[in-house]
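Engineer: The structure is given below, and queries will be raised subsequently.
The values are calculated or read from the model by the stated rules, or taken from the named source; none is laboratory data. What you are looking at is a predicted structure, and each value in this text was computed from that prediction instead of being measured. Cβ placement follows ideal geometry from the backbone for every residue including glycine, while neighbour counts extend to all protein chains displayed.
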Amino acid sequence: MRATLLALGLPIVLVSITLSTQADDKNPRPMESVDALVFFAVLEGLYVEGAASKDVEVILERRKMAGGLEGFVNFVYGCPLCIPALNALTVYRQRAKFPNAKGATDTFGRGLAKDIRDGLHSAEPLVRLSTIQRLVDRWVHQRLESKRLTEAERAKYQVTLEEYRKKGAGMLANAEGTGNTVFAGTDRCAICDGAVDAGR
Ligand SMILES: [Zn+2]
């Protein structure tokens with residue numbers, strides 16, 4: 001009898017451990033901010049795929065605007081989704097060599113896939129933007145998937161992502177209204193579209 005109870009007890013303990021570590025609507029986990037989500041998604045993607053600095057440079061391209069100041073070609077000034085992506089790319093560009101690695105290792109993967117590199121270095125601004133959008137979409141999607149979110153948590157992220165994209169679109173319209181922008185010539189933000197699509 002005792003042996004039977006012990007045998008029965010074991011799965012009960014395992015089930016209760018599983019339940020206590022799983023989030024539910026009544027017991028939500030603390031959520032990572034959308035800023036941190038986008039920042040870490042992009043930084044992780046760059047490291048895991050081992051993006052080469054020359055590929056990062058084209059994403060971070062800047063040009064002189066009408067007023068003489070420089071602006072980013074692929075990011076919308078002040079956009080709440082562009083800023084964390086821009087920060088991640090800038091931090092990655094400044095990355096240090098791994099201090100305890102043999103050789104000069106400073107990343108993990110062997111570089112971005114050829115079709116991505118071709119897209120980033122295309123002469124067509126819209127091809128470059130859509131390639132950046134594909135990267136952001138994939139990286140944010142991967143991070144969201146890795147969190148194993150509940151439906152409610154996923155929906156919460158999606159609401160904020162949509163809200164931020166709306167703000168970004170407002171920033172883009174403002175910048176285009178003043179004419180003082182070097183944004184690559186479309187009425188949509190690639191970073192925002194990538195991040196929002198990733199959550200769907
Ligand atoms: Zn944006």
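Engineer: Given the structure, is Leu144 crowded, with 17+ Cβ neighbours inside 10 Å and touching a Leu at 6+ places or on another chain (Cβ under 8 Å)?
Structural biologist: Criteria met by Leu144.
Engineer: Which of the residues that make up the range 148-183 are within 15 Å of Met65 (Cα to Cα) and part of a loop (DSSP other than H, G, I, E, B)?
Structural biologist: Correct list: Gly179, Asn180, Thr181, Val182, Phe183.
Engineer: Continuing with this model, one more query. Give me the residue from the range 143-200 that is hydroxyl-bearing (Ser, Thr, Tyr) and touching a residue at least 40 places away in the same chain (Cβ under 8 Å) and, out of that set, nearest to the ligand (Cβ to nearest atom).
Structural biologist: Tyr164
Engineer: If a residue must be of a type in the set (Asp, Glu) and surrounded by 15 or more Cβ atoms within 10 Å (Cβ to Cβ), how many such residues does the range 177-200 contain?
Structural biologist: Residues that pass the stated criteria total 2.
Engineer: How many residues are small (Gly, Ala, Ser) and surrounded by fewer than 22 Cβ atoms within 10 Å (Cβ to Cβ) if we restrict to the range 77-87?
Structural biologist: Count: 1.
Engineer: Taking Val136 and the conditions (1) among the β-branched types (Val, Ile, Thr); (2) free of Cβ contacts under 8 Å to residues at least 40 places away in the same chain; (3) farther than 20 Å from Glu70 by Cα, which numbered condition does it fall short on, given that it satisfies the others?
Structural biologist: (2)
Engineer: Find the residue count for the range 90-106, including only residues that are closer than 30 Å to Tyr157 by Cβ, more than 16 Å from the ligand (Cβ to nearest atom) and either modelled with pLDDT under 95 or out of contact with any helix residue (DSSP H, G or I) (no Cβ under 6 Å at 6 or more places or on another chain) (or both).
Structural biologist: So the first thing to find is which residues in the range 90-106 are closer than 30 Å to Tyr157 by Cβ, and the list is 90-95.
So of that shortlist, the ones also more than 16 Å from the ligand (Cβ to nearest atom) come out as 91-95.
The next check asks that each one be either modelled with pLDDT under 95 or out of contact with any helix residue (DSSP H, G or I) (no Cβ under 6 Å at 6 or more places or on another chain) (or both); those that pass are 91, 94-95.
Selection size over the range 90-106: 3.
Engineer: Starting from the range 63-89, take each residue that is under 18 Å from Glu176 (Cβ atoms) and near the ligand (Cβ under 8 Å from one of its atoms) and list its partners that are assigned to a loop (DSSP other than H, G, I, E, B) and not charged (D, E, K, R), counting only C-beta distances under 7 angstrom and pairs at least six apart or across chains.
Structural biologist: From residues that are under 18 Å from Glu176 (Cβ atoms) and near the ligand (Cβ under 8 Å from one of its atoms), the pairs are Val76/Phe183; Val76/Cys189; Cys79/Cys189; Cys82/Phe75; Cys82/Val76; Cys82/Cys189.
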